[in-house]
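Participant: Let me give you the structure first, and then I'll get to my questions.
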């Protein structure tokens with residue numbers, strides 16, 4: 001029963017990492033909108049979006065390392 005949720009999460013996470021690797025500075029949009037609903041990231045004030053974008057390099061590097069363990 002939980003498997004569809006896991007696959008949706010994996011799809012979103014892979015897309016997030018891929019977008020960042022391809023140079024998309026705002027790749028975090030995918031993650032935020034996944035959890036908050038479409039348009040959530042765009043609805044945030046610029047200062048909050050910048051705050052979410054800033055740790056993306058660390059998030060992607062540690063996230064890739066942790067998913068390699070699965």
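The values are calculated or read from the model by the stated rules, or taken from the named source; none is laboratory data. Source: prediction; values computed, not measured. As a convention, Cβ positions derive from the backbone with ideal geometry for all residues, glycine included, and neighbour counts pool all protein chains shown.
Rundown of residues vs (1) within 16 Å of residue 52 (Cα to Cα); (2) under 10 Å from the mean Cα position of the chain (by Cα), yes/no style:
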residue: 3; (1), (2): no, no
residue: 8; (1), (2): no, no
residue: 14; (1), (2): no, yes
residue: 19; (1), (2): yes, yes
residue: 30; (1), (2): yes, yes
residue: 39; (1), (2): yes, no
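Participant: Can I ask one more? Contact list please: Cβ distance under 8 Å, first residue in segment 44-55 and in contact (Cβ under 8 Å) with a residue 24 or more places away in the chain, second residue in a helix (DSSP H, G or I) and surrounded by 11 or more Cβ atoms within 10 Å (Cβ to Cβ), pairs at least six apart or on different chains.
Facilitator: Sorted first by the residue in segment 44-55, then by its partner, the pairs are 52/28; 52/32; 52/41; 53/28.
Participant: Given (1) at pLDDT 85 or above; (2) assigned to a helix (DSSP H, G or I), where does residue 60 come up short, assuming only one miss?
Facilitator: Failed condition: (1).
Participant: Now for a different question. Go through segment 44-57 residue by residue and tally those that are exposed (fewer than 13 other Cβ atoms within 10 Å of the Cβ) and part of a helix (DSSP H, G or I).
Facilitator: Looking only at that region, the number is 6.
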